[in-house]
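Have a look at the structure below before the remarks.
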Amino acid sequence: MTRVSTIASVTLLRALRKSVALAAVLLSGSALSHGQEKPSDVISTAIDVRPEDLLVQPPGANWVSYNGDYTGRRFSNLAEITPANVGNLRTQWIFHLRDSTGLEVTPVAVDGILFVTSANDAFALDARTGRAIWHYSRPVTAGLIDDAAQHHNRGVAIWHSRVFLETDNAHLLCLDARSGHLLWDVAYAEGNKNYGATSAPLVVKDKVIVGTSGGDDGVRGFVAAFDAETGKQAWRLWTIPGPGEFGSESWPGDLYLRGGGTTWMPGTYDPDLNTIYWGTSNAAPDFDGAPRPGDDLYTACVLAIDPDSGKMKWFFQFTPHDLYDYDATETPVLIDAVYQGQPRKLLVQANRNGFFYVLDRTNGKFLSAVPFVAHLNWAKGIDAEGRPIRTGLEPSDKGTEICPSMIGATNWFSPSYNPATHLFYFLALEECGIFYRKPETFAEGHAYYATGVKRAPGGRREKILLAYNLDTGAFDWRYPQAGDGGSAGGTMTTAGGLVFFGDDAESFEAVEAKTGKPLWHFTTGQRFQASPMSYAVLGKQYVAIASGNDVFSFGLP
């Protein structure tokens, strides 16, 4: 059962409608840029995210998707906030969401309205004040396991006046952006109760593209696309090949039905190449490779996919025969640059396995990889074809110390890239773990790790903000964090010359993009499990991030 609650009063709604309509006229967003007449005094005229609006890069007043635009760079073109005035940033509003174990959402901003999620709930907020316009509520699902049981949700996608949301039990919901009313509901992962979903969808043209969670729980991963108008499935690409398909030799018997390779983060998209890039998770069972010999395609990969047909164009596997839970779901960032003396269309990823990769995204060709953490012992390096040169360390009955730990040298929290500095920013974790292996039989309703990882006794655990220079192939600066290493706050960079991120000491920080010099921080008193974004209303720049159970918005006085 669902319900939609209208929280604002009639007076507030009228005021919001006027402010949103005015914002739509003054902003360089969709309501003006397509030559429409001045919007009337209703919210609906301001919510029309067209396919061409999703192509705008870099984002400015509107932040129309999880990463801001299709490139995954998380670079905002807004420049009102600079190193000279960032010290004057003040909290503009705080919106509290109930019944959350820690928000992982990146808000989406469209013409003065902010869309945020928590579990199976979605909210439309006045982006200037944080006041709620509407609230869609759906009960969390009982009986889920592992990640899905935490009911995390990373946000929405928008197409025209429709809002798309993945639920904890892998339903795709379509809501009316003007009211929050449910338009349709599609269950897209059935046949195994261990499926879940935690991602934000990605809209490409007229399709809504989704993935699932559950890679540690014995499910068969996939990417699927649905018609944005009707909810009808357009295509489905399985990430674990079935019997007789290329790569199936790693999956004897019916193991392909529970091989992992889930797709629990949104991908990126190159409209010129008409290709989406989507990362896949670890193989299952996580720490016991005996049942799944060989490379275990297509786990720990980035997949290049035709968004019209769902056909795979190429793949690159970062960690063949993964034994360490090194998901490759970190954002595949798309950068056009001169690299090693040639203009290239690049795909770059700071991978959970501890290496920073540069690929040619036109064909998946491996270009380079460098380690970005000091403690890395599972591999000696990466060969000329992009395959790891392994040391032979594996999980064992008695336990084996392996670096990085299963959490990874980085993880899903967002990186960013600034085209002015040519620097790529991301959070790294220095940590080793003791990896254990014990054969396990798959059962629905139970995880499928076989067995697990403990923190190395007395081991170092430190988060570091890194800035990698694509021109030099080296790190320009590093900013060690004070904290216990447990944060999962991502980054966002701006044309104003700043990098914003959730630090490891429960503070939202801004540093100078060129040097990493710390300039400003605001202590939320809550851990970060989300990544920041920026938007503007009536010419005023805001920066927002979720922390704990709250969404914070900041701006200059």
Members of the stretch 344-358 found to be in contact with an Asp or Glu (Cβ under 9 Å, 6 or more places away or on another chain) and more than 18 Å from C403 (Cβ to Cβ), listed by number: R344, K345, L346, L347, Q349
For T106, are the conditions met, namely being β-branched (V, I, T), surrounded by 24 or more Cβ atoms within 10 Å (Cβ to Cβ) and farther than 21 Å from G496 by Cα? no
Find the residue count for the stretch 513-525, including only residues that are closer than 16 Å to G490 by Cα and in contact (Cβ under 8 Å) with a residue 60 or more places away in the chain. 2
Could you list, in sequence order, the residues of the stretch 426-457 that are touching a Lys or Arg at 6+ places or on another chain (Cβ under 8 Å), in a strand (DSSP E or B), within 16 Å of T400 (Cβ to Cβ) and free of Cβ contacts under 8 Å to residues at least 60 places away in the same chain? G433, I434, R455
Those residues of the stretch 249-271 which are surrounded by fewer than 24 Cβ atoms within 10 Å (Cβ to Cβ) and among the hydrophobic types (A, V, I, L, M, F, W, C), in sequence order: L255, L257
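I need a count of the residues in the stretch 325-336 that are in contact with a strand residue (DSSP E or B) (Cβ under 6 Å, 6 or more places away or on another chain) and either in contact (Cβ under 8 Å) with a residue 40 or more places away in the chain or crowded, with 22+ Cβ neighbours inside 10 Å (or both).
Within the stretch 325-336, residues that are in contact with a strand residue (DSSP E or B) (Cβ under 6 Å, 6 or more places away or on another chain) and either in contact (Cβ under 8 Å) with a residue 40 or more places away in the chain or crowded, with 22+ Cβ neighbours inside 10 Å (or both) number 7.
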The stretch 392-439: number of residues that are β-branched (V, I, T) and either at pLDDT below 95 or closer than 21 Å to G215 by Cα (or both): 4
Residues that are surrounded by fewer than 24 Cβ atoms within 10 Å (Cβ to Cβ), under 26 Å from W412 (Cα atoms) and free of Cβ contacts under 8 Å to residues at least 40 places away in the same chain, drawn from the stretch 179-211: A187, E190
Out of the stretch 293-323, which residues are touching a helix residue (DSSP H, G or I) at 6+ places or on another chain (Cβ under 6 Å) and surrounded by 24 or more Cβ atoms within 10 Å (Cβ to Cβ)? D296
Take T441 and tell me if it is over 26 Å from the mean Cα position of the chain (by Cα) and within 27 Å of V302 (Cα to Cα). no
Meets criteria (touching a residue at least 24 places away in the same chain (Cβ under 8 Å), small (G, A, S), more than 11 Å from V551 (Cβ to Cβ) and not in a strand (DSSP E or B)) for G130: no
Among the listed residues L54, L22, L32, L97, identify the single one that is under 24 Å from the mean Cα position of the chain (by Cα), modelled with pLDDT under 95 and surrounded by fewer than 24 Cβ atoms within 10 Å (Cβ to Cβ). L97
If the requirement is being polar (S, T, N, Q), under 30 Å from V348 (Cα atoms) and not in a loop (DSSP other than H, G, I, E, B), which of these qualifies: T82, T117, T106? T117
In the stretch 403-425, anything out of contact with any Asp or Glu (no Cβ under 8 Å at 6 or more places or on another chain) and part of a strand (DSSP E or B) is listed as S416, Y417, N418, F424, Y425
Return the pairs, sorted by first residue and then second, in which the second residue is not in a strand (DSSP E or B), the first residue lies in the stretch 530-543 and is surrounded by fewer than 24 Cβ atoms within 10 Å (Cβ to Cβ), the beta carbons are less than 6 Å apart, and the residues are 6+ apart or on different chains. L538/A23; L538/L26; Q541/L78; Q541/E80; Q541/I81
Go through (1) closer than 20 Å to N274 by Cα; (2) buried (at least 24 other Cβ atoms within 10 Å of the Cβ) one by one and return the number of the condition T362 breaks. (2)
Are any residues in the stretch 152-196 small (G, A, S), in contact with a helix residue (DSSP H, G or I) (Cβ under 7 Å, 6 or more places away or on another chain) and within 23 Å of A530 (Cβ to Cβ), and if so, which ones? G196
Is it the case that the stretch 493-515 has a residue that's over 25 Å from G155 (Cβ atoms), in contact with a helix residue (DSSP H, G or I) (Cβ under 8 Å, 6 or more places away or on another chain) and at pLDDT 95 or above? no
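In the stretch 55-82, what residues are of a type in the set (D, E) and either out of contact with any strand residue (DSSP E or B) (no Cβ under 6 Å at 6 or more places or on another chain) or under 14 Å from A544 (Cα atoms) (or both)? I'd like the intermediate steps shown before the answer.
The first filter runs over the stretch 55-82 and keeps only residues of a type in the set (D, E), leaving 69, 80.
Within the stretch 55-82, just D69 meets the criteria.
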What is the residue count in the stretch 475-512 for residues that are assigned to a strand (DSSP E or B) and either of a type in the set (K, R) or touching a residue at least 24 places away in the same chain (Cβ under 8 Å) (or both)? 18
Scanning the stretch 147-179 residue by residue, those at pLDDT 95 or above, acidic (D, E) and under 18 Å from N192 (Cα atoms) turn out to be E166, D168
Among the residues that make up the stretch 137-149, is at least one of them out of contact with any Leu (no Cβ under 8 Å at 6 or more places or on another chain), within 19 Å of N549 (Cα to Cα), surrounded by fewer than 21 Cβ atoms within 10 Å (Cβ to Cβ) and among the hydroxyl-bearing types (S, T, Y)? yes
So which residues in the stretch 461-474 are within 25 Å of D216 (Cβ to Cβ) and either in contact (Cβ under 8 Å) with a residue 60 or more places away in the chain or not in a strand (DSSP E or B) (or both), if there are any at all? R461
What do you reckon, is T515 under 24 Å from V370 (Cβ atoms) and either in a strand (DSSP E or B) or not β-branched (V, I, T) (or both)? no
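The values are calculated or read from the model by the stated rules, or taken from the named source; none is laboratory data. What you are looking at is a predicted structure, and each value in this text was computed from that prediction instead of being measured. For neighbour counting, all protein chains shown are included, and Cβ atoms are generated from backbone atoms with ideal geometry for every residue, glycine included.
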